[in-house]
1. P(r) for the chain, please, calculated from all Cα pair distances in 10 Å bins and given in %.
2. Work through the residues other than Ile147 whose Cβ is under 14 Å from its Cβ and net out their charges, Lys, Arg +1 and Asp, Glu -1.
3. Picking from Pro172, Ser129, Thr194, whose Cα lies most toward the positive end of the charge dipole for region 108-217 (charges on Cβ: Lys, Arg +1; Asp, Glu -1)?
4. What is the distance, in nm, between label points placed 7 Å from the Cα along the Cα-to-Cβ direction at Met216 and at Asp196?
5. With every protein chain kept in place and ligands, DNA and RNA left out, what is the accessible area per residue of region 130-201? Probe 1.4 Å, answer in Å².
6. Quick check: net charge around Asp164, other residues with Cβ under 10 Å of its Cβ, Lys/Arg +1 and Asp/Glu -1?
7. With all pairs of different alpha carbon atoms counted, what Kirkwood hydrodynamic radius in Å does region 110-218 show?
8. I'd like the distance separating the alpha-carbon centroids of region 128-190 and region 80-104, in whole Å.
Amino acid sequence: RPFVTCKIACSEDGGIGLTTGGNKWITSKESREDVHKLRASSDAILTGVGTVLADNPRLTVRDKNLSKFEGEIHPRRYVLDSSLRMKGNEHLLTDGLGTTIFCNNLKKVSYNKPPIKIVEAAGESETVSLKKVMNFLNKEECNTLMIEAGSKVNTSFITSKLIDEIIFYIAPVRLGKDKINFSEFESSFSKIGTIDLELKEIIEIGPDRKLITKPMYS
């Protein structure tokens with residue numbers, strides 16, 4: 001399977017957003033520029049349909065100086081959308097770059113045509129099977145996968161012990177009681193549920209801190 005890196009941009013108290021909505025960006029411009037470097041060095045990037053519907057991301061590398069090899073800088077894009085909830089007007093479906101969508105059960109949708117690909121990867125309880133997703137990416141010769149998603153997808157990958165590295169971009173703010181935590185577990189920057197995080201490196205990026213950590217599965 002690919003080497004999986006999970007990128008999390010959050011506040012000092014682990015919030016990736018507010019239940020009340022609000023500002024889309026938590027971390028600084030410098031951190032967001034560094035994320036483009038991560039994307040450019042990844043074969044593929046994966047997110048969940050919740051993030052797509054909430055933020056309408058592009059998941060592209062918007063820095064032409066970061067080309068991995070001539071003629072291509074964007075990672076392949078994958079979305080977990082078990083019930084095919086996307087409408088068809090999202091950036092990932094209309095910008096011409098192509099996106100692969102993993103669903104639980106195929107059904108007729110208007111956007112099921114090149115460069116969009118829909119792959120059935122049925123899991124339990126009408127979810128997408130992450131094991132089948134990893135097998136598909138292996139066949140696609142994907143060596144490095146970057147997760148840029150919300151707490152639900154982060155939690156699913158952590159539970160399945162599929163994340164090899166977690167990179168936190170931590171802004172010097174606190175979101176308080178209305179925050180959305182980066183995982184559904186009780187978590188901090190040293191522990192997620194019962195999983196310890198080994199701190200590999202701390203890097204100052206503008207006003208933010210970048211923590212590179214390794215999950216220590218039992």
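1. Final binned percentages: 8, 33, 39, 18, 2.
2. In short, +3.
3. Ser129
4. For Met216 paired with Asp196, the spin-label model returns 0.2 nm.
5. Solvent-accessible surface per residue comes out at 53 Å².
6. With Lys, Arg at +1 and Asp, Glu at -1, the neighbours total +2.
7. In region 110-218 this quantity evaluates to 16.2 Å.
8. If we compute the Cα centre of each part, the gap is 19 Å.
The values are calculated or read from the model by the stated rules, or taken from the named source; none is laboratory data. Keep in mind that what you see is a predicted model, and the values were worked out from it rather than measured. Cβ coordinates were reconstructed from backbone atoms using ideal geometry, including for glycine residues, and neighbour counts include every protein chain displayed. Ligands, DNA and RNA are stripped out before the accessible areas are found, and what is left, the full protein with its side chains, is counted by its heavy atoms. Shrake-Rupley method; radii C 1.70, N 1.55, O 1.52, S 1.80 Å.
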